[in-house]
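To start, the structure itself, in structure tokens.
The values are calculated or read from the model by the stated rules, or taken from the named source; none is laboratory data. Everything quoted here is computed from the prediction, not taken from an experiment. So basically every Cβ, Gly included, is an ideal-geometry build from the backbone, and we count neighbours across all protein chains shown. Ligands, DNA and RNA are stripped out before the accessible areas are found, and what is left, the full protein with its side chains, is counted by its heavy atoms. Shrake-Rupley method; radii C 1.70, N 1.55, O 1.52, S 1.80 Å.
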Amino acid sequence: MAIQEMSSHYDLIIIGAGASGLIAAIHAGRRGKRVALLEKLPTIATKLKATGGGRCNLTNTLSNEAFIEAFGREGRFMMPALEVMDSSTLQAFFQEIGVETHAPDGFRIFPLTHNASTIITALHNTIQQLPITLFTHTPALKLLSDEARVYGVITATQRLESEAVIIASGGMGYPSLGSEGDGYQLAQAVGHTILPPHPAMMPLQTKEQWVANCRADTIPKVTLTVDLKKYKKLKATGDLIFTKTGIRGPVVLDFSREITPLLAKFEEVPLRMNLTKGMNEEQIRQHLKQHLLETPHQSTLSLLQTLLPQALSQALCTLANASAKLSFGKLSGESRNRLIQLLASTPLTITGHDGFKMAMVTRGGVSLKEIDPKSLESKKVKGLYFCGEVVNLDGPCGGYNLQWAFASGYLAGGYQGTIAE
């Protein structure tokens, strides 16, 4: 189809109708701006619908300072956005549009229904009440720009002009839900630097095959540490689940943000796992000693099961070349030491992952150095704004990334335009 000869004019064009794009449109629409909201898929917020297994963990109860700390060294960039929409303000916003929220565990905040469709319906109903034109099946192909500023977007069928453009197109995780890196290409075409995107928040594959025998149980409070000289400070703690080909669980989803960029540098990433809730070797010795006093002749397997599930205890006995049937006292001193060392620090080698198709989040994106954190406007070209996952900012599980999406969308949607309001 040919592009229409006559262009349409809006105050604001937003590329992407996900969490950040929708709230940007609502904020701008409430300020009387005529908004064109472009979505490449047939429906809005497709990825939002899949968030948190469909339960939609919107945000959490942390203070802004603690929230920022979870994002690492880049986290300070978020402060202006959180100052205009922190977790309390976000909850108030959703309450205003008819969605009640709560924190059943005192930390993670969900809609009362624990259903992402509740959020999406409320957002959709809200944009219908505002001067917002939603274009579905409409990917943005090119930004209209000159040396001074961005002034519109070209789609497959239209030329849309505007005072400002917000790129809210997400990263590359779950491409089947519309995240294919389109925003990176648009930003790069007008001079922006894109830090290499890596898949994050996903299961990981291991070289070790013994993990396949330990799939029945969740191991609580496991600490993972990167066993590479320059990266030993990288660690995370949480629940872990072994799989047929590797590891998953909350701690893995969080830590994969650090691991996938390392896999791009190295063929393998060695880890160390503390499987005993942080106990060191001496504490493990004392624990085993106490249980041996109570039941001196129990098998080594039975003794290890006072710390870990049976399948994992058996796997560690095999790794230590220690008989699981013999009592602990009848093992050689070398075997006992190896077992204790493995309990405190089990080696595991990460060799791969399933790529962006299984990644809930993208690490990388538009360089934060080229964006003004106070407005989220480009430092390279006037009239261009960014929000959400398209920028180089990602957090762990627990509502962090959605809070950033909503807060950054709200900040970008409050753009001042050519004349300060």
Inset, instruction - Figure the gain on full extension for Ser117 and Met79 (residue separation times 0.36 nm, minus the Cα-Cα span) and round it to one decimal in nm. - result: 10.8 nm
Legend entry - Cα-based equivalent ellipsoid, segment 46-143: semi-axes from gyration tensor eigenvalues, Å: 25, 20, 14
Inset, instruction - Could you list which residues have their amide H under 5 Å from that of Arg34, counting only those 5 or more apart in sequence or on another chain, with H placed in the peptide plane? - result: Asp11, Leu12
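May I ask you to compute the full-extension gain from Lys49 to Ser332, defined as 0.36 nm times their residue separation minus their alpha-carbon distance, rounded to one decimal in nm?
Gain on extension, Lys49 to Ser332, equals 96.3 nm.
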Inset, instruction - Could you rank the peptides 26-32, 136-142 by their average count of other C-beta atoms within 10 Å per residue, with the highest value first? - result: 26-32, 136-142
Inset, instruction - Taking a cut-off of 19 Å between Cα atoms, list the aspartates and glutamates near Lys379, but don't count ones fewer than 8 places away on the same chain. - result: Glu74, Asp146, Glu147, Glu163, Glu370, Glu389
Legend entry - For the chain, calculated [θ]222 nm from helices alone, where every DSSP H run of n ≥ 4 adds -39500 (n - 2.57): -9000 deg cm²/dmol
Legend entry - Under 5 Å, built H, 5+ apart or other chain: amide partners of Thr155: Leu141, Leu160
Inset, instruction - Only Cα pairs under 8 Å and at least 6 apart count here; give the relative contact order of the chain as a rounded whole percent. - result: 24 percent
Inset, instruction - Extending each Cα 7 Å along its Cβ direction at Ala189 and Ile154, get the distance between those two points in nm, one decimal. - result: 0.7 nm
Legend entry - Pairs from Lys49/Lys380; Lys244/Lys357; Lys40/Lys374 whose Cα-Cα separation, in the structure shown, is over 26 Å: Lys49/Lys380; Lys40/Lys374
Inset, instruction - Sort Met358, Met202 from largest to smallest accessible area, using a 1.4 Å probe on the heavy atoms of the protein chains. - result: Met358, Met202
Inset, instruction - Assuming a ≥ b ≥ c are the square roots of the Cα gyration tensor eigenvalues, decide whether segment 120-256 counts as rounded (a/c under 1.5), prolate (otherwise, with a/b larger than b/c) or oblate. - result: prolate
Inset, instruction - Return one quarter of the surface area of the convex hull spanned by the alpha-carbon atoms of segment 216-297, equal to its mean projected area, in nm². - result: 7.1 nm²
Inset, instruction - With only alpha-carbon atoms counted, please give the Rg and Dmax of segment 198-241, in Å. - result: 12.2, 34
Inset, instruction - Please list, or write none, the lysines whose alpha carbon is within less than 16 Å of the alpha carbon of Lys330, excluding same-chain residues fewer than 8 places away. - result: Lys289
Inset, instruction - Could you state the angle between the C-alpha long axis of helix 87-96 and the longest principal axis of the C-alpha atoms of the chain, as a value from 0 to 90 degrees rounded to the nearest 10? - result: 50 degrees
Inset, instruction - Enumerate the amide H contacts of Thr243 below 5 Å, restricted to partners 5 or more residues apart or on another chain; note that Pro and chain-start residues carry no placed amide H. - result: Arg248
Inset, instruction - Using Cα centres only, tell me the gap between segment 259-275 and segment 64-122 in whole Å. - result: 31 Å
Legend entry - Angle in degrees between helix 310-319 and the longest Cα principal axis of the chain, rounded to the nearest 10: 70 degrees
